[in-house]
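The values are calculated or read from the model by the stated rules, or taken from the named source; none is laboratory data. Because the structure is a prediction, the values reported are computed rather than measured. Ideal geometry is used to build each Cβ from the backbone, glycine not excepted, and the neighbour counts take in all protein chains shown. These accessible areas exclude ligands, DNA and RNA; they are computed on the full protein's heavy atoms, side chains included. Shrake-Rupley method; radii C 1.70, N 1.55, O 1.52, S 1.80 Å.
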Amino acid sequence: MKLGKNEPCWCGSGEKYKRCHLDFDEKLEELHLQGIPVPPHSMIKNKKQIDGIRESGVINTALLDEVAKSIHEGITTEEIDDLVYDFTMSHGAVPATLGYEGFPKSCCTSVNNEICHGIPSDKVVLREGDIVNVDVTTIYRGYFADASRMFCIGQLSPDAEKIVRVARECLEAGIAAVRPWGRLGDIGAAIQAVAQREGCSIVRDIGGHGVGLEMHEDPYVCHVGHAGTGMVLAPGMVFTVEPMVNLGTDKFFIDKGNGWTVYTKDGKLSAQWEHTLAVTETGIEILTY
Ligand code: MF3
Ligand code: CO
Ligand code: CO
């Protein structure tokens, strides 16, 4: 089973094993022997793959910038979806959500008390004071990049202002907690601490995910947790951080009519920001900036 030092590395780099992931594997083995959960090789991306995800991320980011320019009071979420579709296709890419497990649109648009997976519709008109998450995943040359932002329509209530800010701070804290050879639980712990300080709650059962060769890969990235627990974060892992932050309860329900849209149980506001990032030897790289 063991790869010879001079054989090509399992990661697909084409390098000799000894010049590529041999030291990496020894480190993982050492941690594994201490009883620490470590990522399988299937979660580790090589340089070529990360380069591909970065390229997809460039289009995904430009797309969100385009949404930022076009969004205004009176626009329907269907019109946002049209923009997402047209922009993506005209860049030689494909919107990953379109047809994904039956999802009918090119992005998710989640307004106010909608937590995530809102379906764009010509019936949903954005009005002054609304907050909306637009979540886009781009496939370019087979590589997936996933990110979302909040957009604010006109003057917001203090509550709306707050939840958008806190959700952003939660994303930033979560990302800042990612370190090569750190742990998955560090991310959730950092996010939870910000939410707790602000009196907001974090959705538990929907979270981030590995991404890059598919839309949703392992591992599941929980936005609550304990520092120093969970899987080791090794260089080459690519995943999203995308905390869903609620002003009231973290409890939610799913729309029975469409099977997708997730709402807060108490009808209070929810906000979310998302990035795709890679763990590197020395730190992290955000692939959707
Ligand atoms: N982009 C979403 C995420 O962050 C996934 C949307 S799946 C869909 O994971 F089917 F709801 F579009
Ligand atoms: Co997303
Ligand atoms: Co995601």
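Listed values, structure above:
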item	result
Pairwise FRET efficiency - A62 versus E285, Cβ, R0 = 22 Å, nearest 0.05	0.80
Inverse mean reciprocal Cα-Cα distance (Kirkwood Rh) of the chain, Å	19.6 Å
Cα-projected label distance for K16 with R179, points at 7 Å along beta-carbon direction, nm	3.4 nm
Aspartates and glutamates whose Cα lies under 18 Å from that of K251, excluding same-chain neighbours fewer than 8 positions away	E114, E198, D205, E242, D266
Rg/Rg_ref, the range 205-244, where Rg_ref = 2.2 N^0.38 Å and atoms are Cα	1.15
Unit charges on C-beta of K, R, D, E only; dipole of the chain, Debye	740 debye
The range 51-137, dipole about Cα centre (Lys/Arg Cβ +1, Asp/Glu Cβ -1), debye to the nearest 20	100 debye
Of N60, L22, H117, farthest towards positive along the dipole that unit charges on Lys, Arg, Asp, Glu beta carbons give the range 1-136	L22
Accessible-area composition of the range 235-289, carbon plus sulfur, in percent [1.4 Å probe]	55 percent
Euclidean distance of C-alpha centroids, the range 201-274 and the range 60-92, integer Å	23 Å
Where labels lie 7 Å past Cα in the beta-carbon direction, separation of E128 and R197 in nm	3.4 nm
Cα-based reach from K5 at 22 Å (exclusive), listing lysines while leaving out same-chain residues under 8 positions away	K16, K18, K27, K45, K47, K48
Net charge of Cβ neighbours under 14 Å - reference E78; Lys, Arg +1; Asp, Glu -1	-3
Spatial extent of the range 117-224: Rg and Dmax, with the Cα atoms as the point set, Å	15.7, 47
Dipole axis of the chain (+1 Lys, Arg; -1 Asp, Glu on Cβ), positive-most option in C200, P39, A145	P39
Simple spin-label estimate for H91 and K48 in nanometres, 7 Å along Cα-Cβ	2.4 nm
Calculated Rg and Dmax of the range 100-150 using C-alpha coordinates, Å	12.2, 39
MRE, 222 nm, helices only [DSSP H, n ≥ 4, -39500 (n - 2.57), over the chain, to nearest 500]	-9500 deg cm²/dmol
Cβ charges +1 (Lys, Arg) and -1 (Asp, Glu), total dipole of the range 158-257, debye	240 debye
Quotient of Cα Rg and 2.2 N^0.38 Å for the range 220-276, N being how many residues it contains	1.42
Eligible lysines near K123 by straight Cα distance, threshold 23 Å, same-chain separation 8 or greater	K69, K105, K256, K265, K268
P(r) tail fraction, the range 134-289 - alpha-carbon pairs more than 26 Å apart, %	25 percent
Rounded accessible area per residue of the chain, 1.4 Å, Å²	45 Å²
